[in-house]
Structure formats: C-alpha cells, structure tokens
Ligand SMILES: Nc1ncnc2c1ncn2[C@@H]1O[C@H](COP(=O)(O)OP(=O)(O)OP(=O)(O)O)[C@@H](O)[C@H]1O
Ligand SMILES: [Mg+2]
C-alpha cells in the first residue's frame, strides 16, 4: 500500500505527518518505508545527520539503491536529489515499496513532476492542511485532482491547530463540514515537540519519551484510522 502525503500548499505539515504517521504505524507492527520525494530534503534532514544528507547530495549513484535505516525503525528512500522523469520515480517508489506493508511519500509543496509521480505511484492520498483561510478552496481542487486520478482518499488531517485562535476554530468547522467524507477527526495541535525533535534528528515520539502529548496522540489516532481503512480494503 502506497500513500502519498500531498498538499501543494507549503508548510502545512506534510513532512511532519509523514514521519509521525510512519512512526506510529511502525509501532503498530507495520513495516514502514518513508520516501523523501521533495527536493528540499526536509524529511531526510528531520531524521538524519546533516553530513549524511550532504553525502547523499554529492553521491552520483542511483539513489534508488539506497535505503536508509533510522533508529526509530522507519526506513527511508531518499529521492530528493535524484533528477529523473516521472516514469522513473514511479518505478523506483513501487519497486522499493514492494518490501513494506505501507509506504508514505512526502511530497513537495507544488504540483510539480515529483508530486505527479507520487500521485501516480500511490494507491491512496493523505492530505494535511492547516485550519486557515483558503484551505477549503485548495482542498477542493486537490480532492478533485485525486478523484480524477481514481485515487483512494485516506483523509484530510488538520495540523498545527491552536484552539485559542478564533480563525482556526472557524476554519476547522468549515473543513469538517465541507469534507465530511474525508475529514479525519484527530486534530494535530501545535506542539513544540516537532521542531525540537527535528533539531535532534529524531521523531517527536523518541524526543518526548513517555510524557503525554496531544499532538503525538493525534498522530497515533490517525495511524489507527488508516489501518482500519486499509484492513477494511484488505490492503495490509
Ligand atoms: N503540529 C505542529 N506543531 C508545531 N509545529 C509544527 C507542527 N507540524 C509541523 N510543524 C512545524 O512547522 C514547520 C512546517 O512543517 P512541515 O515541514 O511538516 O510542513 P510541510 O508541509 O512538509 O512543508 P513544505 O511544504 O515546505 O514541505 C516545520 O518547522 C515543523 O516542525
Ligand atoms: Mg515538507
């Protein structure tokens, strides 16, 4: 099962969602591959030492031969620095994904060739969004595109939510009521755990330890919702 984590809007939590849903799924016993499909290489930078990331940037060999193992149990396919065409990206992702239960693709913040390749390679899409103005418009267009491509929509996830911000509450209600079929009712609040964990090249779960954290709990719920959907479709 391949899930593209997609939104052409920048900074909405695609990379954070890929890493943390990936980790939560791995904790539930699934073999997980995360693909860094974004030229910004933020997923690689979140999880690995920067020297390692720069090494990858310099390497000339086909990155499709490289799988990185993170201490958290997540495997990573680094495609960020690989300039290829859509067909090659699709093939590379699908070949690597065959060894895993679930592959999550972290997409760039635009509908560029890499995103289109991720969409083509994927069975399903997961869409993170902030509860902000224009989100509904953007989501409607993105959902239409996914439907046109006959992709299953795993859900829309609201991230970086701050209940003290009135606009967030307004737009959360708007998103939930406009897309009831897709809205995943596990909202990820803002939490300082994510930037801190990323600075330490770890997942928020590893950084946070056993302390309660609502944002990490939300990602656990999202992972559970995905497994339930996939089991319903007998895909994992
Ligand atoms: N729930 C959250 N609480 C606080 N900070 C968050 C949360 N989710 C993400 N962030 C932070 O917000 C920033 C953007 O998140 P992230 O990189 O996941 O978004 P993105 O959609 O992948 O961005 P891009 O479009 O540039 O790829 C990062 O610094 C990340 O640590
Ligand atoms: Mg990103």
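Note down the relative contact order for the chain as a percent, whole number, built from C-alpha pairs under 8 angstrom at least six residues apart.
On the way: 430 pairs, mean separation 63.7, N = 236.
Result for the chain is 27 percent.
Round to the nearest 0.05 the FRET efficiency obtained for residue 147 and residue 94 when R0 = 25 Å and r is the Cβ-Cβ distance. Before the final figure, lay out the partial values.
Working: r = 22 Å, r/R0 = 0.86.
With R0 = 25 Å, the Cβ-Cβ based efficiency is 0.70.
Arrange the peptides 17-28, 79-90 so that the one whose residues have, on average, the most other Cβ atoms within 10 Å appears first. Let's see the in-between values first.
On the way: 17-28: 24.7, 79-90: 17.3.
Order by mean packing, descending: 17-28, 79-90.
Just to be sure I understand: if I project the alpha-carbon convex hull of segment 1-78 onto a plane and average over all orientations, what area do I get in nm²? Spell out each step's value before the answer.
Numbers: hull surface 21.7 nm².
Quarter of the Cα hull surface area: 5.4 nm².
Across all Cα atoms of segment 63-119, the radius of gyration (one decimal) and Dmax (whole number) stand at 11.3, 32 Å.
Modelled spin labels at residue 40 and residue 120, positioned 7 Å past Cα toward Cβ, are 2.4 nm from each other.
Scattering from segment 1-131 was approximated by placing one identical point on each alpha carbon and applying the Debye formula without solvent; log10 I(q)/I(0) at 0.14 1/Å stands at -0.53.
Could you state, as a whole-number percent, how many of the C-alpha pairs of segment 2-232 are farther apart than 33 Å?
Details: 2859 of 26565 pairs.
The share of Cα pairs beyond 33 Å in segment 2-232 comes to 11 percent.
When the alpha carbon gyration tensor of segment 126-210 is reduced to an equivalent ellipsoid, the three semi-axes, largest first, read 26, 17, 10 Å.
Only the coordinates and a few stated rules stand behind these numbers; no lab work does. Computed from a predicted structure; not experimentally measured. For neighbour counting, all protein chains shown are included, and Cβ atoms are generated from backbone atoms with ideal geometry for every residue, glycine included.
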